[in-house]
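If you scroll down you'll find the structure; I have some questions about it.
The values are calculated or read from the model by the stated rules, or taken from the named source; none is laboratory data. Quantities reported herein were computed from a predicted structural model and do not represent experimental measurements. Cβ sites come from the backbone with ideal geometry, for glycine too, and all protein chains shown count toward neighbours.
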Amino acid sequence: MLFSAFLIPLFTLIILRPWISDNFLWRSKKVLLVTAHPDDEALFFSPTLLAVPRGVQVFSLCLSHGDSEGLGQVRREEFHRALDVLKIPENRRWILNHPLLQDDIKAMWEPNVVAAQVEPYVTDYKIDTILTFDDYGVSSHPNHISIIRGIRYMLETNLFAKPPKVYSLTTVSLLPKYTGVFGGVFARFNLWLKTDWETTPMFISGAGQYIRGLSAMRQHRSQMVWFRWLNVFFSRYMWVNEWKEVDIAQTAKARI
Ligand SMILES: [Zn+2]
C-alpha cells in the first residue's frame with residue numbers, strides 16, 4: 001500500500017515532463033520529414049515533431065496517399081487535419097499520388113523514383129536535415145524501407161552544394177516495441193544510466209506531447225480500427241523516438 005502510494009505519484013511525475021537527449025534539431029534550420037503513408041507522421045514521429053525548437057521550420061512530405069483500400073481522398077484530408085494538430089503549416093506539407101509510389105504492403109519502391117520525388121523539395125526549400133525511417137522501417141513495411149534507400153540513392157547521384165544531414169528513426173525489436181508509456185519510462189532510466197547519452201539523440205514525450213500525438217492520430221479516423229487503438233496505447237513510438245545519423249561519407253564513398 002505504502003509502496004503504491006509512493007510509486008504512483010513518482011511514475012506520474014516522471015511521465016509528465018518530456019525528456020530529450022541531444023536535440024540535433026537545434027543545429028538545423030529546415031527539416032524535412034519523409035514518410036510513406038498518411039498516419040506515419042503521427043503514429044511514429046510525433047515525439048520528435050512535438051519537440052522541434054522554436055525557429056526551426058519543419059516540412060512534411062508523404063510519398064503516397066494511402067490508397068490501398070480506395071480511401072486516398074479521405075486519407076489525404078485526414079493527413080492535413082493531423083498536420084494541423086502537429087502544427088506543420090499548409091504551405092510546408094505535401095502528399096503525393098505517384099503511379100510508382102502507391103501504398104502496397106508487397107511493393108518495394110524503386111530508389112530512383114523515390115529520389116526523383118524527394119530531391120526537388122530538398123533543393124527548392126533548402127532543406128538541411130531529413131528525417132525518415134531506417135532500413136527496417138519500424139514495421140518492416142517495404143514502402144517505409146524504400147524511403148531510406150531512395151534517399152541514399154539521391155545522395156549518391158546528386159551533387160548537392162551542401163548535402164542535407166539524414167537521420168533515420170531506429171527500429172526497436174518486437175518486445176520493447178509495445179511497451180507504450182513504460183517504454184518512455186525505461187528509456188529515461190536508460191539515458192540516466194548511460195555515460196555517452198549525449199551522443200544518442202532521443203526524444204521522449206511527456207504526457208502532454210503524448211496526448212497531442214494521440215489527437216493527431218485520431219484525425220486519421222478511417223484508420224482507427226480496434227487494433228490501431230491498441231497500437232496507439234501500446235506503441236513505444238508514440239512516446240519515444242531514437243535517431244541515428246546516416247553516414248553520408250560512407251554513402252558518398254559507395255559512389256566512387
Ligand atoms: Zn506507413
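Any idea which of (1) within 16 Å of the ligand (Cβ to nearest atom); (2) part of a helix (DSSP H, G or I); (3) not hydrophobic (A, V, I, L, M, F, W, C) is the one ASN91 doesn't satisfy?
Among (1) within 16 Å of the ligand (Cβ to nearest atom); (2) part of a helix (DSSP H, G or I); (3) not hydrophobic (A, V, I, L, M, F, W, C), the lone unmet condition for ASN91 is (1).
Also, quick follow-up: With the structure loaded, tell me whether VAL181 is within 27 Å of THR12 (Cα to Cα), more than 16 Å from the ligand (Cβ to nearest atom), in contact (Cβ under 8 Å) with a residue 40 or more places away in the chain and more than 18 Å from the chain's Cα centre (by Cα) or whether it fails that test.
On the way: within 27 Å of THR12 (Cα to Cα): yes; more than 16 Å from the ligand (Cβ to nearest atom): yes; in contact (Cβ under 8 Å) with a residue 40 or more places away in the chain: yes; more than 18 Å from the chain's Cα centre (by Cα): no.
Against the criterion (within 27 Å of THR12 (Cα to Cα), more than 16 Å from the ligand (Cβ to nearest atom), in contact (Cβ under 8 Å) with a residue 40 or more places away in the chain and more than 18 Å from the chain's Cα centre (by Cα)), VAL181 does not qualify.
Continuing with the same structure: Tell me the residue from LEU33, LEU25 that is among the hydrophobic types (A, V, I, L, M, F, W, C), within 13 Å of the ligand (Cβ to nearest atom) and within 24 Å of VAL181 (Cβ to Cβ), please.
Testing whether each residue is among the hydrophobic types (A, V, I, L, M, F, W, C), within 13 Å of the ligand (Cβ to nearest atom) and within 24 Å of VAL181 (Cβ to Cβ) leaves just LEU33.
Quick check: is even one residue across the stretch 3-24 over 25 Å from THR171 (Cα atoms) and either modelled with pLDDT of 95 or more or of a type in the set (S, T, N, Q) (or both)?
There is at least one residue in the stretch 3-24 that is over 25 Å from THR171 (Cα atoms) and either modelled with pLDDT of 95 or more or of a type in the set (S, T, N, Q) (or both).
From the list LEU131, LEU155, which one is under 23 Å from SER46 (Cα atoms) and surrounded by 17 or more Cβ atoms within 10 Å (Cβ to Cβ)? Quick ask: steps written out before the conclusion?
On the way: LEU155 fails: under 23 Å from SER46 (Cα atoms).
Sole residue among the options that is under 23 Å from SER46 (Cα atoms) and surrounded by 17 or more Cβ atoms within 10 Å (Cβ to Cβ): LEU131.
Please identify the pairs in which a residue from the stretch 94-115 that is under 22 Å from SER60 (Cβ atoms) and surrounded by fewer than 19 Cβ atoms within 10 Å (Cβ to Cβ) has its Cβ atom under 7 Å from the Cβ atom of a residue that is among the charged types (D, E, K, R) and at pLDDT below 95, counting only partners at least 6 apart or on another chain.
Cβ pairs passing all conditions: GLN102/ASP67.
Here's another thing I want to ask about it. Give the stretch 53-73 a look and list any residue that's more than 15 Å from the ligand (Cβ to nearest atom), at pLDDT below 95 and in contact with a Lys or Arg (Cβ under 9 Å, 6 or more places away or on another chain), or say none.
The one that is more than 15 Å from the ligand (Cβ to nearest atom), at pLDDT below 95 and in contact with a Lys or Arg (Cβ under 9 Å, 6 or more places away or on another chain): GLY55.
What tally of residues in the stretch 96-113 results from selecting those that are more than 20 Å from the chain's Cα centre (by Cα) and assigned to a helix (DSSP H, G or I)?
2
Sticking with this one: Give the residues of the stretch 106-130 that are in contact with a Ser or Thr (Cβ under 7 Å, 6 or more places away or on another chain) and either among the hydroxyl-bearing types (Ser, Thr, Tyr) or within 16 Å of the ligand (Cβ to nearest atom) (or both), sorted by residue number.
MET108, TRP109, VAL114, THR129, listed by residue number.
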